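Since the structure comes first, as structure tokens, the remarks are kept for the end.
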């Protein structure tokens, strides 16, 4: 049986994102996914919701990316033991999201990998925290004994395992990596994440939309601006809010500064992991300079609660403009010097080239997103593709590299710094006047809305449904790391163990963002 | 190589004095304190017990040239067995509670625990009543000093670390004494 996208009845959602929404049966969902996967669509996200109290049942939400627009579907099961089609055959990255949806809501995906993903020991196997009849007594219960996670075993002459984490040697987030190696060569890497699972989605329930903004900004601290923006867009879609032009420009300025800060930090870290501590010293100095300008202009080094539903929190003082423009010019000059050094440093280039290759074909198959995708020749950037204002006024999204190795991911970061600096300059020299925020009205009850923006790591999506009393019924913040962690398992194959920190850093994925 | 040297010379020294003290005096006093207590550099093991990774960004900043943590005689180490102090971010997720406890146990006495950030101090936006979290660090291991902030600035972090060391009632002193006492008793 066949089904085309056009056979379904779609409704365009209000707001700045080009999103079409439809309620589809489970059979239609599978056929639709088959149709769009054949046309090169990517899976963005998949999550579940308990809507039994509203008389609906269990809902599976799927978001698909058709390059210039998004599709948002809801499929319903009324069974107490809800089953949905396994989408991981079409979109490999669906696997972990399905496992997480099982852990949190008890959804079954027929024939799919049924190992737990987010659940280790914090709640029982047959308890589902995002079901509304989840027993609150579990809250005070101590963690259960940790179950043995069934890693896939590699066997053979000389093959052995190296277990790393959850606590790592550096100042990074916790997670477990199981390497199967022969000598130094990695045959297989299997990740086990979920260590920082702190029940963020449950925490959203019952918050006001204003309170939710603060939580959204703390899903993954390094992408606070992107999350706050995506969340605000979802609220604005539910309230038909028109955000003032000045607020949009300031949002983009904040997002680009977040991109710059992270790219600078990563370039230093990647250099350091390849043995050039000079790079770390220099780039962390530049990052610190940027954070200090943030503190001068916005009153905080990290811009956690600057984007709010309806606009932004802080207006730019006239005195801020020269400070910002001067610091951007200084940064451009400094980065150029360092790029020249990186590009011509034989030792560094020797480590970068050919390390952690993610081929264009594999990146496509796995549905990789963001800067990692662009380093594997996949031109995709929501800022440009979805024409999200104010980015529709800029020529961006052209950064691309072909190699798919560490060198390519470094090159993309350098190019994106240049692009970001240009966007910042453009925003500042042509800053619209007027208000920086408007009051958001009453949220439409029970409707599903999404917001999304291209953060520094990749596309960040927030799904939101608000109840009639104005409280959040369900909020799902979605990190691009869901889509890129599996790619790291492939990129490391055949590399040597000592190159793992370098390759890992070149992806720099979020644990907290996907652990939720 | 020439370009690297040129850039190093051009950058010069950017390290700033440590906060809240006469710079030279503080540095000397601090070195003396650290040396008296540990006989070498103060070694810190950082543990993320479930944070959003915001605090980690500012902990990274401590090592940049402006704050130059190593210049103060303080360094980050890769194992709790090498550590004198744990710098812990939170909230503690239930999935990390065991790893945190074991890290604490693996750290030799005398040891300091510095809880970093609002979530480590009180659960922060993630709260203390979650099915998946245990809230503040002190709910899982003993804490000596708390550094609030979301995230705390590097200056606040430095102040917290220095406070933990300099406090006349620092548990390190007490524990050194009690450890010593125990040894004597046994002897």
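Observations
- Cα pair distances exceeding 15 angstrom across segment A:297-384, given as percent: 77
- The largest-to-smallest principal axis extents of the Cα set in segment B:41-167 are 42, 29, 25 Å.
- Alpha-carbon centroid distance for the pair segment A:366-392 / segment A:302-326, whole angstrom: 25
- Extent of segment A:192-310 along its three principal axes (Cα atoms, max minus min coordinate, largest first): 50, 41, 20 Å.
- Expressed to the nearest 5 percent, the antiparallel share of DSSP beta bridges inside segment A:5-118 is 75 percent.
- Gyration tensor (alpha-carbon) shape descriptor, segment A:315-434, a/c threshold 1.5: oblate
- Anisotropy class of segment A:379-486 from Cα gyration tensor, a/c 1.5 cut: oblate
- Each residue in B:114, A:270, A:341 was given a count of other beta-carbon atoms within 10 angstrom of its own, and listing them fewest first yields A:341, B:114, A:270.
- Hydrodynamic estimate: the Kirkwood radius of segment A:1-93 over Cα pairs, inserted into Stokes-Einstein at 20 °C and 1.002 mPa s, corresponds to D of 157 µm²/s.
- Separation of alpha-carbon centers, segment A:245-279 and segment B:132-152, rounded to whole Å: 28
- Calculated on the alpha-carbon coordinates, the convex hull of segment A:149-257 measures out at 160 cubic angstrom per residue.
- Euclidean distance of C-alpha centroids, segment A:95-134 and segment A:48-71, integer Å: 17
- Counting every other Cβ atom within 10 Å of each residue's Cβ, A:438, A:399 order from fewest to most as A:438, A:399.
- Panel order for A:436, B:161, by other beta carbons found within 10 Å of each beta carbon, from fewest to most: A:436, B:161.
- Each 10 Å bin from 0 upward holds the following percent of the Cα-Cα pairs of segment A:169-219: 19, 30, 24, 16, 9, 1.
- Antiparallel bridges, percent of DSSP beta bridges restricted to the protein assembly as shown (to nearest 5): 70
- log10 of Debye I(q)/I(0), alpha-carbon scatterers only, for segment B:104-152 at 0.27, 0.29 Å⁻¹: -0.97, -1.04
- Principal axis dimensions, chain A - Cα atoms, whole angstrom, descending: 69, 62, 49
Only the coordinates and a few stated rules stand behind these numbers; no lab work does. All figures in this text were calculated on a predicted structure; none of them were measured in a lab. Quick reminder, even Gly has a Cβ in these numbers, built from the backbone with ideal geometry, and neighbours come from all protein chains shown.
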